[in-house]
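Novice: Sharing a structure, written as structure tokens. Questions coming.
The values are calculated or read from the model by the stated rules, or taken from the named source; none is laboratory data. Small disclaimer: the values here were computed from a predicted structure and weren't measured. Cβ: placed from backbone, ideal geometry, glycine included. Neighbour counts: every protein chain shown.
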Amino acid sequence: MTLDALLKEGESRLREAGVPDAALDARYLLMEVWEMSLAELLARRQRPLGVPKEAEGREPDGENGEKVRRYRELIGLRARRIPLQQILGVQEFMGLPFRVNEHVLIPRQDTEALVELVLKEQKGRRASLLDMCTGSGCIAISLMRLGDFCSAAAADVSRQALETAAENARLLLKGERMVRFVESDMLEAFGPEERFDVIVSNPPYIPTGVIEGLEPEVRDHEPRLALDGAEDGLKFYRILAEKGREHLAAGGYIYMEIGWDQAEPVTELFGEAGYRDVTVTRDMAGLNRVVRAVWPGKGEEEDHV
């Protein structure tokens, strides 16, 4: 048996299970078990795994045997449509390795459009930050690691998600910068005196009726709490539009990830709530992805309070 034969076995099993990118996922899992890079895999893929020629077809013994069994176990998990990132326990976001599990939404490249816009528009400002619906903490931690924010709070209704986010902050910020984690149903845990220069959020925004049609990896294994935006997908944008103005400093900014078809209703919500300079930014795929709005400065907001 060679690594190449084992890789083909894993790929075949994943294809039979209907896993997208079966070849890629089989390779990632093999590299994980053998703790090797792609270059090492390519160099070693045809080498026998310690089984003599006269015993061809027999399973490897010792350490390689344990690794073969472990690889097949991980392939079995992926064949059940458990997300690759949950199996590996990590997902890269903004160049940083975030720990993930079944309690948090897996960070996606789409969300990087939000972080990049905030970094661009808030560059050089020693602003205070609130990340609402923080999940893994990927937005708040990336902004604290890469930006100029003076302080950050990150809130989520899920205690398990907050535990994951706190662990990511410990590993990625290394005590150099701090994030305050708050268990809160949206903004309920924040007092009227708590205001922030910038609020960011990737709230649940998938309409309830759409969720059952999603890929099994998302529908069955990512937290429904982080996906379900109620009947029209706009529930949490309404809360952010109404309550966000109570927790934004004068002239403060709010940035939100949206579904590709939600730009118009979300911009209308914030315009009607009295925000100004409401803009929409596209992601790398050219889809509408981020809505940004500004709460009026002093002397401008009286008609909307």
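Novice: Please determine whether any residue of the stretch 101-109 is under 14 Å from the mean Cα position of the chain (by Cα), polar (S, T, N, Q), crowded, with 23+ Cβ neighbours inside 10 Å and modelled with pLDDT of 95 or more.
Specialist: At the first step, the residues of the stretch 101-109 found to be under 14 Å from the mean Cα position of the chain (by Cα) are 101-109.
Next cut, polar (S, T, N, Q) only: 101, 109.
Among the residues that remain, those that are also crowded, with 23+ Cβ neighbours inside 10 Å are: none.
The answer is no, given that none of the residues of the stretch 101-109 is under 14 Å from the mean Cα position of the chain (by Cα), polar (S, T, N, Q), crowded, with 23+ Cβ neighbours inside 10 Å and modelled with pLDDT of 95 or more.
Novice: Test each condition in (1) surrounded by fewer than 17 Cβ atoms within 10 Å (Cβ to Cβ); (2) of a type outside the set (D, E, K, R); (3) closer than 25 Å to Val266 by Cβ for Ser201 and report the one that comes out false.
Specialist: Just one mismatch for Ser201, condition (1).
Novice: Continuing with this model, one more query. Within the stretch 71-104, how many residues turn out to be of a type in the set (D, E, K, R) and either free of Cβ contacts under 8 Å to residues at least 12 places away in the same chain or assigned to a strand (DSSP E or B) (or both)? Write out each step before concluding.
Specialist: Pass one, the stretch 71-104, residues of a type in the set (D, E, K, R): 72-73, 78, 80-81, 92, 99, 102.
Next, only the ones that are either free of Cβ contacts under 8 Å to residues at least 12 places away in the same chain or assigned to a strand (DSSP E or B) (or both) stay: 73, 92, 99.
Adding up the residues that qualify gives 3.
Novice: Scan Leu162, Leu114 and give me the residue that is free of Cβ contacts under 8 Å to residues at least 40 places away in the same chain and on the phi < 0 side of the Ramachandran plot.
Specialist: After ruling out the rest, the residue left standing is Leu162.
Novice: Filter the stretch 228-262 down to residues that are hydrophobic (A, V, I, L, M, F, W, C) and outside any loop (DSSP other than H, G, I, E, B), then give me how many there are.
Specialist: Narrowing the stretch 228-262 to residues hydrophobic (A, V, I, L, M, F, W, C): 230, 234, 236, 239-241, 248-250, 254, 256, 258, 260.
The next check asks that each one be outside any loop (DSSP other than H, G, I, E, B); those that pass are 236, 239-241, 248-250, 254, 256.
Selection size over the stretch 228-262: 9.
Novice: Considering each residue of the stretch 177-208, count those that are under 22 Å from the mean Cα position of the chain (by Cα) and among the small types (Gly, Ala, Ser), and give that number.
Specialist: Start the filter on the stretch 177-208 by keeping residues that are under 22 Å from the mean Cα position of the chain (by Cα), which leaves 177-187, 198-208.
So of that shortlist, the ones also among the small types (Gly, Ala, Ser) come out as 184, 201.
Qualifying residue count, the stretch 177-208: 2.
Novice: Now for a different question. So for the stretch 213-226 (the condition being in contact (Cβ under 8 Å) with a residue 24 or more places away in the chain, out of contact with any helix residue (DSSP H, G or I) (no Cβ under 9 Å at 6 or more places or on another chain) and closer than 30 Å to Gln122 by Cα), does at least one residue qualify?
Specialist: No - not one qualifying residue is present in the stretch 213-226.
Novice: Please find, within the stretch 140-176, the residue that is surrounded by the fewest Cβ atoms within 10 Å (Cβ to Cβ) out of those that are under 13 Å from the mean Cα position of the chain (by Cα) and more than 16 Å from Leu187 (Cβ to Cβ).
Specialist: Going residue by residue through the stretch 140-176, those that are under 13 Å from the mean Cα position of the chain (by Cα) are 140-142, 161, 164-165, 168.
Filter again for more than 16 Å from Leu187 (Cβ to Cβ), leaving 141-142, 161, 164-165, 168.
On the way: Ile141: 28, Ser142: 26, Ala161: 25, Thr164: 22, Ala165: 29, Asn168: 28.
Checked the stretch 140-176; the qualifying residue surrounded by the fewest Cβ atoms within 10 Å (Cβ to Cβ) is Thr164.
Novice: If you don't mind, another one. Just one of Leu225, Leu130 is surrounded by 23 or more Cβ atoms within 10 Å (Cβ to Cβ) and either aliphatic (A, V, I, L, M) or assigned to a loop (DSSP other than H, G, I, E, B) (or both); which is it?
Specialist: Numbers: Leu225 fails: surrounded by 23 or more Cβ atoms within 10 Å (Cβ to Cβ).
Result: Leu130 is the single residue among Leu225, Leu130 that is surrounded by 23 or more Cβ atoms within 10 Å (Cβ to Cβ) and either aliphatic (A, V, I, L, M) or assigned to a loop (DSSP other than H, G, I, E, B) (or both).
Novice: Regarding Asp232, is this residue in contact with a helix residue (DSSP H, G or I) (Cβ under 6 Å, 6 or more places away or on another chain) and either assigned by TED's automatic domain parsing to the domain that holds Lys120 or free of Cβ contacts under 8 Å to residues at least 60 places away in the same chain (or both)?
Specialist: Numbers: in contact with a helix residue (DSSP H, G or I) (Cβ under 6 Å, 6 or more places away or on another chain): no; either assigned by TED's automatic domain parsing to the domain that holds Lys120 or free of Cβ contacts under 8 Å to residues at least 60 places away in the same chain (or both): yes.
Answer is no for this residue.
Novice: Would you confirm, using the coordinates I've provided, whether Gly252 is small (Gly, Ala, Ser) and in contact with a strand residue (DSSP E or B) (Cβ under 7 Å, 6 or more places away or on another chain)? Walk me through how you get there before you give the answer.
Specialist: On the way: small (Gly, Ala, Ser): yes; in contact with a strand residue (DSSP E or B) (Cβ under 7 Å, 6 or more places away or on another chain): yes.
When the stated conditions are applied, Gly252 passes them.
Novice: Considering the stretch 264-284 alone, what residues qualify as being crowded, with 18+ Cβ neighbours inside 10 Å and either within 14 Å of Asp232 (Cβ to Cβ) or among the aromatic types (Phe, Trp, Tyr) (or both)?
Specialist: Correct list: Val266, Leu269, Phe270, Tyr275.
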